[in-house]
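Step one of this worksheet: look at the structure below.
Just so it is clear, none of the values below were taken in a lab; they were calculated from the coordinates. Since the model is a prediction, treat every value here as computed from it, not as a measurement. Neighbour counts are summed over all protein chains in view; Cβ atoms, including those assigned to glycine, are modelled from backbone coordinates with ideal geometry.
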Amino acid sequence: MKTVITATGKTPASAFDKRFGRAAWFCLLDDASGQIEFIENEYANANGGAGTKVAEKMVELGCKK
């Protein structure tokens, strides 16, 4: 299972981002292996629907929480 964490940058030292749909980066944590991956939020500057689009993307990537 993967957990998604909002981030202001692409390193483990980056702060959490208070926004979900407009977060600059996402940290994906694989709960089983402990492996982390950072992905840039391609919807951060969308005109509308950023939160919905990000949620759909996270489901595609296998994030459960």
Net charge over other residues, Cβ less than 14 angstrom from the Cβ of Glu40 (K, R count +1; D, E count -1): +1
If one computes P(r) from the Cα atoms of the chain, what percent of pairs lie at distances over 14 Å? 52
In nm, spacing of pseudo-spin labels at Phe20 and Leu61 (7 Å Cα→C-beta vector): 1.4
per DSSP, antiparallel bridges as share of beta bridges in the chain, % nearest 5, sits at 90
Output wanted: per-residue J couplings in Hz (rounded whole) for segment 42-55, from phi through Karplus 6.51 cos²θ - 1.76 cosθ + 1.60, θ = phi - 60°, x for Gly and Pro. 6, 9, 4, 10, 5, 5, x, x, 4, x, 5, 5, 5, 4
Near the amide H of Ala24, under 5 Å away, which other amide H atoms are found, from residues 5 or more places off or on another chain, if H is placed in the peptide plane? Ala7
I want the local charge near Ala7. Using Cβ-Cβ distances under 13 Å, sum +1 for each Lys or Arg and -1 for each Asp or Glu among the other residues. +1
When only DSSP loop residues count, what GluC sites (Glu not before Pro) in the chain have their Cβ near at most 16 other Cβ atoms within 10 Å? Glu42
In whole Hz, the Karplus estimates of ³J(HN,Hα) for segment 56-64 (6.51, -1.76, 1.60; θ = phi - 60°; x where Gly or Pro) are 4, 5, 5, 5, 4, 7, x, 6, 10
Please give the length that would be gained between Glu40 and Thr52 if that part of the chain were fully extended, namely 0.36 nm times their separation in residues minus their C-alpha to C-alpha distance (nm, one decimal). 2.7 nm
